[in-house]
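Just so you know, all these numbers are worked out from the coordinates, no wet-lab data involved. Being a predicted model, the structure only gives us computed values, none of them experimental. Quick reminder, even Gly has a Cβ in these numbers, built from the backbone with ideal geometry, and neighbours come from all protein chains shown.
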Amino acid sequence: MTRWKRRMLFGALAVLAPALAGCEAGFNAPTLEYHPAAFGAYASKNGVSISNAFVLGPSPSGPEVAGGRAGLFLAITAQDGDKLVSASAPGTASAVQILGGSVRVPAAVPVTLTGPVPRVVLTGLANPLEAGSLVTLDLNFAEAGTITMTVPVQPKAYEYATFSPPPTPSTAPAKKGKPKASPGFTASPTATPSP
């Protein structure tokens, strides 16, 4: 074989090898499909965008019990500002609590409710949650209305292993009225003797 033919053969191989290696996937290659940067769910409606929403399920070593609690984690952005006023998880939880009250979302500023302590808590779970299952959520906003989305249940493992469980509700009765002062002391946060 002559030197010129060898150069042509190596040149053709150099050009054809990458093309032939990539032809196996065809037009349905996984690299041609959109993949989000995170495993949570995404939704947009009326200028409100929700990203990376997921429910934190049990650790792989133990199931979540029915009647229990689970945290919901998400990030919210509102084009013109809005407020998350309530949420529900029909068929999954008897109630969804937003700890600390409604969540104000300023215009074009992302609000991250992404942990490690959940701010939105599903309570009274109808069935034990399993990693990989899906939960339907209705998020109610003051301006955008209701956004319904299906979010995945992530296991409390890997990057979520250090996330805290939902806070346990306090069973102590709340005190009402002003605290009574002891004789010789004033009723203030730091009691000091009266002159």
Do me a favour and compute the ellipsoid semi-axes for segment 30-162 from its Cα gyration tensor, root of five times each eigenvalue, largest one first, whole Å. 23, 18, 13
Using r as the Cβ-Cβ distance of S86 and E130, and R0 as 25 Å, what FRET efficiency do you calculate, to the nearest 0.05? 0.45
Tell me which residues come under 5 Å, amide H to amide H, from N127 once H is placed; ignore anything under 5 positions away on its chain. G67
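Provide the packing ranking of 8-14, 148-154, 69-75, 135-141, i.e. peptides ordered by the mean count of other C-beta atoms within 10 Å per residue, highest first.
Numbers: 8-14: 10.1, 148-154: 17.3, 69-75: 23.3, 135-141: 20.9.
Packing proxy ranking, top to bottom: 69-75, 135-141, 148-154, 8-14.
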Proximal charge balance of Q79 [Cβ under 15 Å; K/R count +1, D/E count -1]: 0
Would you please put 47-58, 82-93, 105-116 in order of how densely packed they are, using the mean number of other Cβ atoms within 10 angstrom per residue and starting with the highest? 47-58, 82-93, 105-116
Relative contact order for segment 104-153: what percent, with Cα pairs under 8 Å and sequence separation of 6 or more? 28 percent
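Which of rounded, prolate, oblate describes segment 87-162, given a ≥ b ≥ c as roots of the alpha-carbon gyration tensor eigenvalues and a/c under 1.5 marking rounded, otherwise prolate only if a/b is larger than b/c? Walk me through the intermediate numbers first.
Values: a/c = 1.83, a/b = 1.28, b/c = 1.43.
Oblate, because a/c is 1.5 or more while a/b does not exceed b/c.
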Using a Förster distance of 22 Å, how high is the FRET efficiency between T148 and L99, based on the Cβ-Cβ distance and rounded to 0.05? 0.50
Full-extension gain in nm, A12 to Y42, via 0.36 nm per residue minus C-alpha separation: 6.2 nm
Excluding P118 itself, calculate the net charge of residues whose Cβ lies under 13 Å from the Cβ of P118, where each Lys or Arg counts +1 and each Asp or Glu counts -1. +3
Amide H partners (placed H, <5 Å) of D80, local residues excluded: A108
